[in-house]
1. Looking only at residues that are over 26 Å from Ser163 (Cα atoms) and among the basic types (Lys, Arg) in region 37-86, which one is nearest to the chain's Cα centre (by Cα)?
2. Identify, please: which residue in region 150-162 is touching a residue at least 60 places away in the same chain (Cβ under 8 Å), part of a helix (DSSP H, G or I) and not charged (D, E, K, R) and is, among those, surrounded by the most Cβ atoms within 10 Å (Cβ to Cβ)?
3. As an exercise: evaluate Asn12 against (1) within 16 Å of Ala226 (Cα to Cα); (2) not in a loop (DSSP other than H, G, I, E, B) and give the number of the one condition it does not meet.
4. Do you know which of the residues in region 163-204 that are modelled with pLDDT under 85 and assigned to a helix (DSSP H, G or I) is surrounded by the fewest Cβ atoms within 10 Å (Cβ to Cβ)?
5. Only one of (1) modelled with pLDDT of 95 or more; (2) farther than 20 Å from Asp65 by Cβ; (3) more than 14 Å from the chain's Cα centre (by Cα); (4) not β-branched (Val, Ile, Thr) fails for His126. Which number is that?
6. Any idea which of (1) out of contact with any Lys or Arg (no Cβ under 7 Å at 6 or more places or on another chain); (2) at pLDDT below 95 is the one Ala149 doesn't satisfy?
7. Look through region 15-61, keep the residues that are buried (at least 23 other Cβ atoms within 10 Å of the Cβ) and aromatic (Phe, Trp, Tyr), and return whichever of them is farthest from Gly224 (Cα to Cα).
8. Would you confirm whether any residue within region 205-216 is touching a helix residue (DSSP H, G or I) at 6+ places or on another chain (Cβ under 9 Å) and at pLDDT 85 or above?
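The values are calculated or read from the model by the stated rules, or taken from the named source; none is laboratory data. Here the structure is a predicted model, which means the values were calculated and not measured. Positions of Cβ are backbone-derived with ideal geometry, glycine not excepted, and every protein chain shown enters the neighbour counts.
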Amino acid sequence: MKDKVCIITGTNSALGIGRATAHQFAQNGAKAIYLCDFADTLLETHKRELNSLYPKTEIHTRQFDAGEEESVKKVVEEAVSTYGRLDVFFANAGMAAGKMFTEITPDEFMKMMKTNTLSVFLAAKHAAKAMIQNKPYPTGSIIGTASVAGIRSNAGSADYSASKAAVISLMQTISYQLAGTGIRCNAICPGIIETGMTSAMYEMARARGSDRKIGQLNPLKRGGVADEVARTVLFLASDDASYVNGQAIPVCGGLSAGHPFVPGKMA
């Protein structure tokens, strides 16, 4: 990540993939990182922490809705104006819900699509325009956060799963529309990861003493932590992934590799 200029959305959570990724980028030599989120309660705390640990990386915080085009356009323009280039846009903003599909209103469905899918589209749209101007040649990495719920059913609600399947399709389609530019587009597909979004589930399980059952359906038989996903994002953002493009990469302990089964009941 040496000298790379990066934008990350969805970075406010103390347990989140966005924050963990910022640490990985900074630790590996990023020149500048923009920490962006709709909520800003912890952004300055994250900035101070990163400044203390990685003083050579310039940290900026921006509070905006990743589903609003003018805000996304503005942060991209700021990065290019300040540093002359944009190398990485990690579109990580997202939300989840748990309603039965028959109870989801049209407004709720579209809010999910705006937060989880439109935000990735806008990131790709404006990041690509900036990256194609990079010197001495166009280059860059656009990464969208999808989910194993976007690969197959039964890992999330209908609206959430649809929004994440759309992220995968976006990254694959855009990778072809950017053919020949040197800009790569990929999606990551986390499984059960302990983040701010899933913290309530983890807390309930710990209160019941059943937290060891989290992740029991995947071959590693455990849930993941944000840093394990962040290391995959780091790879995709780096030049080490120079030939990885248009892919949806699961980070799920193997959950998406098979069909659900009851432990101990296999033939």
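1. Across region 37-86, the extreme among qualifying residues is Lys47.
2. Gly150
3. Looking at each condition in turn, Asn12 falls short on (2).
4. Initially, region 163-204 is screened for residues modelled with pLDDT under 85, giving 192, 194-204.
Filter once more, keeping what is assigned to a helix (DSSP H, G or I): 199-204.
Details: Ser199: 14, Ala200: 9, Met201: 15, Tyr202: 17, Glu203: 12, Met204: 11.
In this case the residue turns out to be Ala200.
5. (2)
6. For Ala149, the failing item is (1).
7. Among those that are buried (at least 23 other Cβ atoms within 10 Å of the Cβ) and aromatic (Phe, Trp, Tyr), it is Tyr34.
8. Start the filter on region 205-216 by keeping residues that are touching a helix residue (DSSP H, G or I) at 6+ places or on another chain (Cβ under 9 Å), which leaves 205, 210-215.
Within this subset, residues satisfying the condition of being at pLDDT 85 or above are none.
No.
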